[in-house]
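The values are calculated or read from the model by the stated rules, or taken from the named source; none is laboratory data. Remember, it's a predicted structure, so these values are computed and weren't measured experimentally. Positions of Cβ are backbone-derived with ideal geometry, glycine not excepted, and every protein chain shown enters the neighbour counts. These area figures cover heavy atoms from the full protein model, side chains too; ligands, DNA and RNA do not enter into them. Shrake-Rupley method; radii C 1.70, N 1.55, O 1.52, S 1.80 Å.
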Amino acid sequence: MPQASEIAWLIPVFPLVGAVFSGLGLISINEKINNSRKIVSVGLITFVGISAVISYKALIEQVRGYESVEKLFVWANAGDFTIPMGFVLDPLGSVMLALVTTITLLVMIYSHGYMAHDKGYVRFFTYLALFSSSMMGLIISPNLLEIYVFWELVGMCSYLLVGFWYDRDGAAHAAQKAFVVNRVGDFGLLLGILGLFWATNSFDFDEIATGISQSISDNSIPIWAALLLCFLVFLGPMAKSAQFPLHVWLPDAMEGPTPISALIHAATMVAAGIFLVARLQPLYSIFPSIQFIIALVGTITCFLGASIALTQMDLKKGLAYSTVSQLGYMMLAMGCGAPVAGIFHLVTHACFKAMLFLGSGSVIHAMEEVVGHQPILAQDMRLMGGLRKKMPYTSATFLIGCVAISGIPPLAGFWSKDEILGNAFISFPAFWFVGFLTAGMTAFYMFRLYFLTFEGDFRGENKELQNELLIASKVNLDEEKEEDNNEHHEEPGYIHESPWSMTFPLVFLAVPSIVIGFMGLPWDSKFANLLDPEEAEIAAKAFDFSEFLPLAIASVGIATTGIIIAYQAYFAKKINLSFLFAEKFPTINQFLSNKWYLDDINEKLFVKGSRKLAKEVLEVDSKVVDGVVNLTGLVTLGSGEGLKYFETGRAQFYALIVFGGVILLVAIFGFQSPPVT
């Protein structure tokens with residue numbers, strides 16, 4: 001039996017084959033394929049399952065010390081110019097493949113229950129399979145050019161999935177926003193890739209780093225040009241991983257089905273940017289200034305996401321801004337020159353954040369039984385409360401996720417986040433302090449979500465509150481009312497636990513959310529030993545409990561403080577935060593509620609600005625360009641109309657014209673001739 005590393009190219013092929021078959025079926029025999037939804041879903045889940053098996057076998061081989069495998073073929077060549085394609089499987093790729101296939105498989109199982117009555121069930125599963133294939137292809141890509149191809153495919157699938165309910169204005173606009181914002185980053189990425197190829201004549205990660213270093217040493221390329229190229233490439237991860245200021249698309253993308261939030265915006269697509277920065281560490285490590293920029297962007301992002309999450313009342317958007325914040329932590333690790341710490345947090349975060357998003361979907365699925373199919377109401381935490389007794393599995397797993405992301409030991413989030421903060425403390429103490437404060441904010445807003453959703457009294461049947469929220473949201477009831485896409489009624493108005501297909505992924509993900517952190521113990525990190533054995537050995541020898549404990553205790557202390565404040569404010573009701581903060585600091589509260597006004601700025605500068613520019617260009621086109629064309633036509637028409645009277649068909653008239661012309665010439669030249677002396 002061949003090694004899994006040797007047949008890693010099959011990992012993205014299996015989901016792609018399934019997506020092609022189901023997609024062709026939708027085009028050719030739409031009615032039959034939609035009536036065979038269970039057969040299609042089982043088939044696609046099986047294809048992804050096969051990819052997962054190969055991925056796990058490849059990961060086991062890497063853990064056992066097998067060498068990395070890289071196989072290339074010449075895709076195009078012209079003289080000395082060649083473009084190689086193929087696949088590479090190394091420890092980083094094997095970890096990412098195992099993660100992506102696991103989350104995809106669980107999301108597909110979850111979607112079987114969540115999307116059970118959706119008319120686009122088969123289309124949804126087809127998009128899922130196509131997306132997973134694109135993401136797997138991105139992971140095994142051996143160079144920047146091939147990564148860019150799959151990078152764009154991932155973006156296309158994201159557009160399709162976010163706008164899956166395209167008949168909703170919100171979903172359609174969110175898909176367009178995600179597409180446009182990512183195009184900004186992708187344009188920079190493309191320019192950077194082409195520039196790096198121009199400078200090094202290679203798309204390979206290591207060869208690019210070596211070539212740039214050599215070019216700078218030889219003075220064949222100025223340092224500013226190299227820095228510019230590195231920054232342009234970084235624009236791609238900035239957009240894909242929702243880093244400030246290109247983060248604005250991710251919260252709006254919550255308009256898509258909740259399983260998509262778990263798959264794309266927690267565990268896979270947004271992780272692509274972090275993954276690419278990790279791949280490019282040999283290049284970025286050459287330039288401390290670029291690493292500083294990466295760390296700065298990550299720090300701003302982590303604080304921005306957490307601060308906005310403090311005021312969110314929409315359950316999914318609260319988790320979305322939490323994702324933005326956690327991606328900022330990962331990027332901070334990359335800027336600190338600690339890619340292993342960043343990837344470790346990516347893995348742990350994928351487990352508990354995917355679980356949290358799926359848990360939110362379970363809650364929304366249940367809330368729709370009471371408030372009807374109106375996302376504005378079904379996702380608003382002001383209408384929730386008291387769900388713990390009615391949804392025990394969902395509430396228990398959600399609580400585990402809250403504890404994990406808050407950084408409370410021994411759950412996974414503590415070990416990964418603490419490692420990032422430790423590296424930040426060494427590299428950029430100011431950034432560490434911001435990350436430290438953000439850790440407290442994270443614990444507060446996550447337990448705020450938990451207490452508002454699962455504790456206290458149920459508020460969903462309060463019709464007055466529902467109407468107030470609808471009026472405040474300026475929602476048109478006729479436009480917002482949906483078809484029963486996700487309907488799963490047992491009794492009207494009855495809150496109940498979700499079916500097994502939705503609770504099983506929650507319980508499954510709760511296990512790694514608790515235990516996977518032990519793979520990254522700072523004194524014996526098996527995760528670091530897999531990705532970078534030399535660095536892991538150095539770190540293990542340099543580890544000192546006297547340095548570790550103060551930072552760890554401080555991190556746990558501020559997280560505990562955040563939890564206590566949330567408990568006192570939203571469970572015990574002993575603190576009135578709206579009086580202590582919102583009323584005393586209305587400007588700050590409004591600033592956070594309006595998401596730092598970044599959406600308003602984008603609307604004014606780019607959306608309205610581009611429309612104004614388009615109108616001005618239209619004016620120039622209609623008045624100047626069209627005016628010249630119309631004038632030319634009028635001149636031609638007028639001259640034709642005038643000259644047609646000279647075409648009489650009479651020889652005497654033509655002779656008269658010739659005679660008149662001769663007389664005119666004689667007169668002209670006669671006046672110009674010199675006088676006779």
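Summary of computed values
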item: Test: residue in the range 410-426 that is assigned to a loop (DSSP other than H, G, I, E, B), within 27 Å of Phe518 (Cβ to Cβ) and over 23 Å from the mean Cα position of the chain (by Cα); result: yes
item: Of all residues in the range 303-318 being buried (at least 24 other Cβ atoms within 10 Å of the Cβ) and aliphatic (A, V, I, L, M), the one that is nearest to Met331 (Cα to Cα); result: Ala306
item: Ile575, sole failed condition from (1) open to solvent by 50 Å² or more (accessible area, probe 1.4 Å); (2) of a type in the set (Val, Ile, Thr); (3) in a helix (DSSP H, G or I); result: (3)
item: Out of Ile300, Ile260, Ile293, sole residue that is of a type outside the set (Lys, Arg) and either crowded, with 21+ Cβ neighbours inside 10 Å or assigned to a loop (DSSP other than H, G, I, E, B) (or both); result: Ile260
item: Pairs where the first residue, in the range 445-470, is under 27 Å from Thr397 (Cα atoms) and the second is basic (Lys, Arg) and assigned to a loop (DSSP other than H, G, I, E, B), C-beta under 6 Å, 6+ apart; result: Phe454/Arg388
item: The range 579-614 - residue that is touching a residue at least 40 places away in the same chain (Cβ under 8 Å) and either open to solvent by 70 Å² or more (accessible area, probe 1.4 Å) or polar (S, T, N, Q) (or both) and, of those, farthest from Asp252 (Cα to Cα); result: Asn589
item: Residues of the range 152-200 satisfying the condition of being of a type in the set (Gly, Ala, Ser) and under 25 Å from Gly256 (Cα atoms); result: Gly155, Ser158, Gly163, Gly170, Ala171, Ala172, Ala174, Ala175, Ala178, Gly185
item: Flag if Phe447 is of a type in the set (Phe, Trp, Tyr), over 19 Å from Met330 (Cα atoms) and open to solvent by 30 Å² or more (accessible area, probe 1.4 Å); result: no
item: Qualifying residue in the range 94-103 (condition: surrounded by fewer than 23 Cβ atoms within 10 Å (Cβ to Cβ) and either among the charged types (D, E, K, R) or farther than 20 Å from Ile343 by Cα (or both)); result: no
item: Pair list, Cβ < 7 Å and 6+ apart or interchain, from the range 290-314 residues that are of a type in the set (Phe, Trp, Tyr) to residues that are open to solvent by less than 10 Å² (accessible area, probe 1.4 Å) and assigned to a helix (DSSP H, G or I); result: Phe292/Gly335; Phe303/Thr438
item: The listed residue being closer than 30 Å to Gly386 by Cβ and in a helix (DSSP H, G or I), out of Leu634, Leu580, Leu613; result: Leu580
item: Any hit, the range 185-208, residues being under 30 Å from Ser362 (Cα atoms) and either over 11 Å from the mean Cα position of the chain (by Cα) or acidic (Asp, Glu) (or both); result: no
item: Condition met for Pro533 (out of contact with any strand residue (DSSP E or B) (no Cβ under 8 Å at 6 or more places or on another chain) and either surrounded by 13 or more Cβ atoms within 10 Å (Cβ to Cβ) or at pLDDT 85 or above (or both)); result: yes
item: Close pairs from the range 254-281: first more than 16 Å from Lys316 (Cβ to Cβ) and modelled with pLDDT of 80 or more, partner assigned to a loop (DSSP other than H, G, I, E, B) and open to solvent by 10 Å² or more (accessible area, probe 1.4 Å), Cβ under 9 Å, at least 6 apart; result: Gln281/Gly337
item: Any hit, the range 355-372, residues being open to solvent by less than 20 Å² (accessible area, probe 1.4 Å), more than 25 Å from Asp418 (Cα to Cα) and without any contact (Cβ under 8 Å) to a residue 40 or more places away in the chain; result: no
item: Matching helices (runs of 4 or more DSSP H) fully within the range 6-79 where at least 2 residues are modelled with pLDDT of 90 or more; result: 10-28, 37-63
item: Residue list for the range 102-121, filter: assigned to a helix (DSSP H, G or I) and either among the acidic types (Asp, Glu) or touching a Gly at 6+ places or on another chain (Cβ under 8 Å) (or both); result: Leu105, Tyr110, Tyr114
item: Restricting the range 508-527 to residues that are open to solvent by 80 Å² or more (accessible area, probe 1.4 Å) and in a helix (DSSP H, G or I), the residue that is farthest from Asp544 (Cα to Cα); result: Phe508
item: Members of the range 544-560 found to be more than 31 Å from the chain's Cα centre (by Cα), open to solvent by 50 Å² or more (accessible area, probe 1.4 Å) and not acidic (Asp, Glu), listed by number; result: Phe545, Ser546, Leu549, Pro550, Ile553
item: Scan of the range 379-409 for residues that are in a helix (DSSP H, G or I), within 24 Å of the chain's Cα centre (by Cα) and not hydroxyl-bearing (Ser, Thr, Tyr), ordered by number; result: Phe398, Gly401, Cys402, Ala404, Ile405
item: Inter-residue pairs, beta-carbon under 7 Å, first within 13 Å of Ala539 (Cβ to Cβ) and modelled with pLDDT of 90 or more and in the range 336-347, second open to solvent by 10 Å² or more (accessible area, probe 1.4 Å) and among the charged types (D, E, K, R), 6+ apart; result: Val340/Asp532; Val340/Glu535; Ala341/Glu419; Phe344/Glu419
